[in-house]
Amino acid sequence: MSKKNMSPTPENDAGMPSKKKKKKGSGLLGRIIRRFFLVLFTVVILAVAALVLVMNLVFNGPSPAARDMLTMTLIEASATKWVPALFLGEDTVAEIRTGTVENTDLEDNVTDTTKVIIQANNVITGESNEWDNYPDGVRIEHRFGDTYNAHIMIVRDPAQVYMGISTDKGFSTAIPGKRLTEVMEENPDCVAAINAGAFNDDGTGGSYVGSTPLGLVMSGSKCVWTSGKQPGLEGFAGFTEDNILVVSKTNLTQAQAEEMKIRDGCCFGPALLVNGEVNLQAYNDPSGKGNPRTAIGQRSDGSVIFVCADGRQVGSLGASYADIIDIMLEYGAVNACNMDGGSSSVMMYRDTYGKLGQASQEAVFVNVPSLIQSKPRRMPNFWMVRPAS
């Protein structure tokens with residue numbers, strides 16, 4: 001009879017076989033981690049389900065006005081523009097986009113440049129000059145509405161304002177756009193800057209997003225881009241060689257821009273004010289209250305107005321086109337145009353004279369950019385401001 005090889009069983013001091021002891025700490029920790037992630041996953045699923053139910057209630061509920069406002073708010077953002085169609089269908093979304101705005105045309109579709117007179121000293125009344133305490137030619141104020149915090153930058157001389165671009169090698173999806181923080185670092189003589197026109201954006205985080213513009217872009221009296229179109233939005237804003245801001249309700253062609261002698265400009269929209277007339281289509285647009293916005297305008301004396309409204313934040317949900325138009329009118333704009341908004345909205349200023357706090361050569365944010373990203377978005381073009389002469 002053969003003997004089986006048996007490995008010896010370890011014994012304890014009492015001569016009894018000993019058992020391997022499990023590490024209690026590791027087992028307990030594992031159970032805690034598993035339960036934590038289970039609870040977290042459950043909370044996320046419930047939150048998503050609740051959000052879907054609420055959105056379905058708004059989209060298919062008894063209030064068409066609430067449905068239209070939510071639809072217009074979501075389709076303005078590249079990351080959420082697909083959401084309304086999930087609940088309503090593409091046809092209904094298209095009807096909302098075209099059917100909720102009063103079809104009231106502007107008397108003039110393009111700026112009459114004779115209505116803007118550039119003044120050298122910008123004297124308001126008598127001997128009072130609003131620029132005495134602003135040697136860099138830039139004044140910043142703030143307005144607080146029911147749903148928004150807006151930041152207004154007035155630039156004394158329109159010759160200070162020009163179109164900056166992210167590359168001088170020609171726009172390409174292989175060359176990423178630049179963040180406004182980078183632009184201010186690379187241009188130490190630049191006093192201020194805001195975001196400008198439309199660009200390629202599919203809602204992803206790819207490096208090609210923000211690399212190429214949409215529509216016409218003029219920079220330094222040269223056409224630097226012509227292709228592409230911004231769906232659903234048409235408009236153009238650009239300065240002539242005489243420093244007058246031309247606002248067009250429709251996109252301009254290169255030939256039209258060259259005929260008007262546009263030195264710097266880009267496409268976006270809608271036009272907000274043309275020759276002092278309010279664009280009622282934009283004013284009555286149920287564009288929602290939950291979006292950051294950027295706009296450019298010009299007073300009759302030539303001074304340029306930048307408006308940047310915070311949005312998608314607890315303290316500032318966002319502004320409508322009507323809100324921006326009201327601000328432009330308050331500051332005396334005769335021509336104004338909406339620029340790219342949402343997470344693109346950003347305004348920066350080099351506070352050399354300490355107007356916003358401690359004097360510094362470092363550029364600072366004037367607005368509070370959208371909190372959904374840690375850095376400003378990459379973009380192909382920007383409105384930039386030179387120091388006053």
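Summing charges over all other residues whose Cβ lies under 13 Å from the Cβ of Ser248, with Lys and Arg as +1 and Asp and Glu as -1, gives -3. Remark on Phe268: its backbone amide H falls under 5 Å from those of Gly235, Phe236, Ala237, a criterion applied only to residues 5 or more positions apart or on other chains, H modelled at 1.01 Å from N.
Computed over the range 155-296, the alpha-carbon pair-distance distribution with 10 angstrom bins reads 11, 39, 38, 12, 0, each value a whole percent.
Per residue, the accessible area of the range 309-389 comes to 39 Å², computed with a 1.4 Å probe over protein heavy atoms only.
For the range 228-327, the Stokes-Einstein estimate of translational diffusion at 4 °C and a viscosity of 1.567 mPa s comes to 90 µm²/s, using the Kirkwood hydrodynamic radius over alpha-carbon pairs.
Taking Lys and Arg as +1 and Asp and Glu as -1, the other residues whose beta-carbon sits under 13 Å from that of Ala257 total -1. Note on Ala66 and Val44: with the Förster distance fixed at 30 Å, the Cβ-Cβ geometry gives a FRET efficiency of about 0.70. Given R0 = 30 Å, the distance between the Cβ atoms of Thr253 and Asn284 translates into a calculated FRET efficiency of 0.55.
Note on Ala94 and Leu51: their simple-model spin labels are 2.9 nm apart, each label 7 Å out from Cα toward Cβ. The amide H of Arg179, built 1.01 Å from its N in the peptide plane, has Met379 as neighbours under 5 Å, considering only residues 5 or more places off or on other chains. Fully extending the segment from Glu185 to Lys115, taken as 0.36 nm per residue of separation minus the present Cα-Cα distance, adds 21.5 nm. With a sphere of radius 12 Å drawn around the Cβ of Trp131, what net charge do the other residues whose Cβ falls strictly inside it have (Lys, Arg +1; Asp, Glu -1)? Local charge sum for Trp131: -3. Couplings 3J(HN,Hα) of the range 199-210, computed from phi: 8, 4, 8, 9, x, 9, x, x, 5, 7, 5, x Hz, in residue order, whole Hz [Karplus 6.51 cos²θ - 1.76 cosθ + 1.60, θ = phi - 60°; x for Gly and Pro].
Working ranking of peptides 222-228, 312-318, 264-270 by packing, defined as the average number of other Cβ atoms within 10 Å per residue, highest first, is 264-270, 312-318, 222-228. Here the accessible area is traced with a 1.4 Å probe on the protein chains. For the range 143-215, carbon and sulfur cover 45 percent of it. Max-minus-min Cα coordinates of the range 229-282 on each principal axis give 29, 27, 13 Å, with the largest extent listed first. Using θ = phi - 60° in the Karplus curve 6.51 cos²θ - 1.76 cosθ + 1.60, the 3J(HN,Hα) couplings for the range 309-320 round to 9, 6, x, 6, 9, 4, x, 7, 5, x, 10, 8 Hz; x is entered for Gly and Pro.
For the range 242-338, the carbon plus sulfur part of the accessible surface works out to 53%, probe radius 1.4 Å.
The values are calculated or read from the model by the stated rules, or taken from the named source; none is laboratory data. The structure presented is a predicted model; accordingly, all values stated were derived computationally and were not measured. Reconstructed Cβ throughout: ideal geometry from the backbone, glycine too, with neighbour counts over all protein chains shown. For accessibility, only protein heavy atoms count, side chains too; no ligands or nucleic acids. Shrake-Rupley method; radii C 1.70, N 1.55, O 1.52, S 1.80 Å.
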